[in-house]
Amino acid sequence: MSRLRYHLAAAVMLAAFALPLSAHADPCKLDISGNDQMQYDKQALAAPASCTQITVTLHHSGKLPREAMGHDWVLVRAADLAAVAQAGMGAGLANDYLAPGDKRVLAHTKIVGGGESASVTFSSALLTKGGSYAYLCTFPGHNALMHGTFKLD
Ligand SMILES: [Cu+2]
């Protein structure tokens, strides 16, 4: 009887550990942060091709308002990065510094300021497995530092 109790207790403990772990382990949900030093905390993101939908959540870990140090997360083909940044520069904060209707933008969050978060969910069908994709922040002047590579594995 005491052995059964031991196994039950062990099972309950395992379940308690497994729950928060599995909630974090979804490979189709990705997180990235931007800070007041104009930096993302990750230079590369990847999702498995088995994901039908991919969600990226951008956190702003800084304190500055979005007018001064706003960040977004914009997914493009790697070859389009500079052109999308250039086109977005004049679009203004109201358009999240993205040229309205820019077809080169595959997915994007809105611009967030310190302490805020934003998510975007997009279909993996937009991407080719093994293709060269990139993400950037389109706030004027940020993309030189704030960019990374994105892959569908
Ligand atoms: Cu930025």
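The values are calculated or read from the model by the stated rules, or taken from the named source; none is laboratory data. Note that the coordinates shown come from a computational prediction; the quantities given were computed from them, not determined experimentally. Here the Cβ is made from the backbone with ideal geometry for all residues, glycine too, and neighbour counts use every protein chain on show.
When you check residue 64 against the structure, is it in a loop (DSSP other than H, G, I, E, B), closer than 26 Å to residue 143 by Cα and modelled with pLDDT of 95 or more, yes or no? Walk me through how you get there before you give the answer.
Values: in a loop (DSSP other than H, G, I, E, B): yes; closer than 26 Å to residue 143 by Cα: yes; modelled with pLDDT of 95 or more: yes.
Here the answer is yes, as residue 64 does meet what is asked.
I'm trying to understand the selection: among the residues of the range 99-136, which are of a type in the set (Phe, Trp, Tyr) and within 16 Å of the ligand (Cβ to nearest atom)?
Let us first name the residues in the range 99-136 that are of a type in the set (Phe, Trp, Tyr), namely 122, 133, 135.
Listed by number, the list holds a single entry, 135.
Given the conditions (1) within 15 Å of the ligand (Cβ to nearest atom); (2) touching a residue at least 60 places away in the same chain (Cβ under 8 Å), which single one is not true for residue 85?
Status for residue 85: all satisfied but (2).
This table checks each residue for (1) in contact with a strand residue (DSSP E or B) (Cβ under 6 Å, 6 or more places away or on another chain); (2) farther than 26 Å from residue 131 by Cβ.
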position: 31; (1), (2): yes, no
position: 38; (1), (2): no, yes
position: 55; (1), (2): yes, no
position: 62; (1), (2): no, yes
position: 65; (1), (2): no, yes
position: 90; (1), (2): no, yes
position: 93; (1), (2): no, yes
position: 100; (1), (2): no, no
position: 103; (1), (2): no, no
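Picking from 130, 90, which residue would you name as being closer than 17 Å to residue 51 by Cβ and modelled with pLDDT under 95? Break it down stepwise before answering.
On the way: 90 fails: closer than 17 Å to residue 51 by Cβ.
So the residue among 130, 90 that is closer than 17 Å to residue 51 by Cβ and modelled with pLDDT under 95 is 130.
Within the range 44-82, can you find the residues that are more than 14 Å from the ligand (Cβ to nearest atom), buried (at least 16 other Cβ atoms within 10 Å of the Cβ) and among the small types (Gly, Ala, Ser)?
Once the filter is applied, which keeps residues that are more than 14 Å from the ligand (Cβ to nearest atom), buried (at least 16 other Cβ atoms within 10 Å of the Cβ) and among the small types (Gly, Ala, Ser), the range 44-82 yields only 47.
Mind checking whether some residue in the range 55-64 is touching a residue at least 12 places away in the same chain (Cβ under 8 Å), out of contact with any Lys or Arg (no Cβ under 9 Å at 6 or more places or on another chain), farther than 17 Å from residue 27 by Cα and basic (Lys, Arg)?
yes
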